[in-house]
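Written below as structure tokens is the structure these notes are about.
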Amino acid sequence: MATFRKRGDKWEYRVSFKDPFTLKYKIKSKSGFKTKKEAQKAAAEQEKQIAAGFEFDTETMSLEQFLFSWLHEYKKDTVRKNTYELHERNIKNHILPYFKNIKITDIKPIMYQKFLNFLTDQGYSKRTVEIIHSTMFNAFSKAVIIGKLVKNPCYGATISNKNEKKKGTLEYMLSEDIPKFLQEAYKYNYIYYIFFRTLIETGMRKGEAAALQWTDINLRENYIDIKNTLDFSAKTAAELFGETKTYESKRRISIGTSLSAALQKHKKWQFENKQMLQDDYKHDLNLVFCRVDGNFLPKSTLFNAFNRILKRADINKMPIHALRHTHAVLLLESGADMKYIQERLGHKSMMVTADVYSHISKKLDQNRIKDYEKYVSSIVELDS
């Protein structure tokens, strides 16, 4: 509501409104109008902006208030759960600890550039810094659109190449190491053997494999439908099954007859566990890969088991995700093209696939051309 008063020979308006961020009543005022009519016209425009959400007390709005409001109003229920949680982690773990209680209007381009440089100096990879930057850039772009800021201070910022991972450092298991790895896995614990074998033969992400239910597998026609990913940090059973990393990650992949047969044996083994444990078995989860009692496999036990098996097999340490790369390399070695690999791995675009595996592809091409030259030379070279 607007009120007016004359101060000397000039008029002033005062508009009272409730700030949605602080939930406190604020006053917007402006003086210097020659007539009351001019003040009323300006006040009406001010009230219109407030009603539309374009003008609040940005001078006192903190970065924390704005970022969490942005998360709740513009990201919640509009992006995938994984994306929302990524933005939330970036805000809580990186952005707010650095900027602390700063106002959004006080963040300037040079200050923001120092923030990105700080992250690099802390040892974060270029990709990690890019992901954190995307959160801030996205949020501040919205701030400009809705009138909280005139310019986006993140625009034009650069990210150092200092910690960029060099291409050619892709981690994967050599094909000659796979048999001894699986042998050691079987000796260590059968459930880890069948889990890691499936990762190698399908290229699934560990979360996708951990979320598989028997209704997702067709052992007659030999295919697997990948629909979910397991949220290892879930606090309730209802939160256990989350959405896949991207829309393209939902896919159907074919499996070989040997893996299909192994999964059929695994199903029988699991059925014996169900019969033995009866009501103590987690029948409702219907998981393919699980503990003896049907409960999901915790991330920590997967990591620990993987590292121990690698050590027993005398194979260099690598992340579980390397088994996904291993599958892609096996596909390349067998002559599969990038388009097929992209669809099988569930990459968003073929550019992603080509970028990740291009150097492996070139290496294979070099080996193939050597074999080709050797073969052709045996045909075309004449006896001297």
Inset, instruction - Quick one: divide the alpha-carbon radius of gyration of the range 63-145 by 2.2 N^0.38 Å and tell me what you get. - result: 1.05
Inset, instruction - Sticking with the crude label model, points 7 Å out along Cα→Cβ, report the distance from residue 220 to residue 130 in nm, one decimal please. - result: 4.6
Inset, instruction - Sort out for me the Cα centre separation of the range 225-288 from the range 170-187, rounded to whole Å. - result: 23
Inset, instruction - With N set to the residue count of the range 206-282, report its C-alpha Rg divided by 2.2 N^0.38 Å to two decimal places. - result: 1.23
Legend entry - the range 1-143 pair-distance distribution - Cα-Cα, 10 Å bins, rounded %: 10, 32, 26, 17, 11, 4, 0
Legend entry - Within a Gaussian network of the chain (alpha carbon springs, distance under 10 Å), most fluctuating of 47, 88, 38: 38
Inset, instruction - Would you compute the Debye intensity of the range 175-356 from its alpha-carbon atoms alone, equal scatterers and no solvent, and pass along log10 I(q)/I(0) at q = 0.08, 0.13, 0.14 Å⁻¹ to two decimals? - result: -0.25, -0.68, -0.79
Inset, instruction - Name the most mobile residue of 145, 253, 104, meaning the one with the largest mean-square fluctuation, in a Gaussian network model of the chain with Cα contacts below 10 Å. - result: 145
Inset, instruction - Compute the length gained on full extension between residue 292 and residue 49: take 0.36 nm times their separation in residues and subtract their Cα-Cα distance, giving the result in nm to one decimal. - result: 81.4 nm
Inset, instruction - Give me D for the range 2-51 in µm² s⁻¹, whole number, from Stokes-Einstein with Rh from the Kirkwood sum over alpha-carbon pairs, 4 °C and 1.567 mPa s. - result: 116
Legend entry - Qualifying GluC sites (Glu not before Pro) in the range 200-251, DSSP loop, other Cβ atoms within 10 Å at most 13: 221
Inset, instruction - Using every pair of alpha-carbon atoms in the chain, split the distances into 20 Å bins beginning at 0 and state the percent of pairs per bin, rounded to integers. - result: 21, 41, 25, 11, 2, 0
Inset, instruction - Report, in order of residue number, the helices in the chain meeting two criteria: a C-alpha extent of 24 Å or more along the helix axis, and a mean Kyte-Doolittle hydropathy of at least -0.5; treat each whole DSSP H run as one helix. - result: 126-145, 350-380
Legend entry - In Hz, Karplus ³J(HN,Hα) per residue of the range 233-249 (6.51, -1.76, 1.60; θ = phi - 60°; x = Gly, Pro): 9, 4, 8, 10, 4, 5, 9, 5, 9, x, 6, 5, 4, 9, 4, 5, 5
Inset, instruction - Would you mind getting me the FRET efficiency between residue 308 and residue 111? Use the beta-carbon distance for r and R0 = 56 Å, nearest 0.05. - result: 0.75
Legend entry - Computed lengthening from residue 268 to residue 102, 0.36 nm per intervening residue step minus Cα-Cα distance: 53.7 nm
Inset, instruction - Kindly provide the trypsin sites (Lys or Arg not before Pro) of the range 198-229 that DSSP labels as loop, not H, G, I, E or B, and whose Cβ sees at most 13 other Cβ atoms within 10 Å. - result: 220
Legend entry - trypsin sites (Lys or Arg not before Pro) lying in DSSP loop within the range 119-167, provided at most 16 other Cβ fall within 10 Å: 151, 162, 165, 166, 167
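Only the coordinates and a few stated rules stand behind these numbers; no lab work does. Fair warning: this is a prediction, and the values are worked out from it, not measured in the lab. So basically every Cβ, Gly included, is an ideal-geometry build from the backbone, and we count neighbours across all protein chains shown.
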